[in-house]
Each structure stands twice: as C-alpha cells, then as structure tokens.
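Q: Sharing a structure below in structure tokens format, with a few things to ask.
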Amino acid sequence: MGLLFQKADSDLDYIQYRLEYEIKRNHPDSAGQKNPVSVLKELSAMKSRYQSLYARFKPVVVEQKETKSRIYATLNKTMTMIEELQKQTDLELSPLTEEEKTVTEQLKSHITDS
C-alpha cells in the first residue's frame, strides 16, 4: 500500500511540473480565466492533504494486518483444540460438506499467508 501512495505522490509531482511547464509555454497571458497559478496551488494543497491522509491511515493498515493475523491465529488454535477434543472423546462427526471443506482450506491458506 505504501508503494501505491509513493507512486501517486510521484505522479502528482510530475503532473504539477507538466502543468507549470505547459501554462508557462502556451498561456503566458490567460486573461479572463482562472489564474493558472492558483490552480497549481490548489493542486499542491490537494497533494498536501493526500500526504496527510496517508500519514493518518498508514498506522491503520499496520494495525489491520496485525489484527487479521491475531484473528487467524486464534481461529487456528480453536480448530486444533476442537480436533484434539474430538480425538480425546472419540466423537465421530459427520464428514465436512464441500462448502465446509472450501472454507476450511481458505482459512488455512489465509493463516499461512499472514
């Protein structure tokens, strides 16, 4: 996610540079229109707000990943405990349905991805 923000930041820098260049080259006197300099300042302000948002949400992304990892770890432990209880009590459960098998495999893959 950080790379996406860095790329967007770089793209905004490039757009600002190109706009400044094009305005200076093609529209030295743009009377009656919105001042191109103010448009560029607005772009700069948007970039600043974007950077601020990124700084605020970066810790949220980190916390989200950590929380996801803890949830998967807890679910994995719970599944292991259930399996052990089944073995200790000699309970015979009906086989998993295809949907249950799919969900179990998805959960295991998420656990190993984290």
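The values are calculated or read from the model by the stated rules, or taken from the named source; none is laboratory data. Values in this document were obtained by computation on a predicted structure and should not be read as measured data. Neighbour counts run over all protein chains shown; Cβ positions are idealised from the backbone, glycine included. For accessibility, only protein heavy atoms count, side chains too; no ligands or nucleic acids. Shrake-Rupley method; radii C 1.70, N 1.55, O 1.52, S 1.80 Å.
Q: Label points 7 Å out from Cα along the Cβ direction at Ile71 and Gln106: separation in nm?
A: 1.3
Q: For Leu91, Leu43, write out the residues from largest to smallest accessible area, computed with a 1.4 angstrom probe and no ligands counted. Mind dumping the intermediate values first?
A: On the way: Leu91 110, Leu43 20 Å².
Accessible-area ranking of Leu91, Leu43, largest first: Leu91, Leu43.
Q: Let me ask something additional. First compute the accessible area of region 38-114 with a 1.4 Å probe, then give the percent of it belonging to carbon and sulfur atoms. Let's see the in-between values first.
A: On the way: 3820 of 6510 Å².
Roughly 59 percent, rounded to a whole number.
Q: Using heavy-atom solvent-accessible surface (probe 1.4 Å) with all chains present, what is the largest-first order of Val61, Val39, Val103?
A: On the way: Val61 30, Val39 60, Val103 85 Å².
Descending order: Val103, Val39, Val61.
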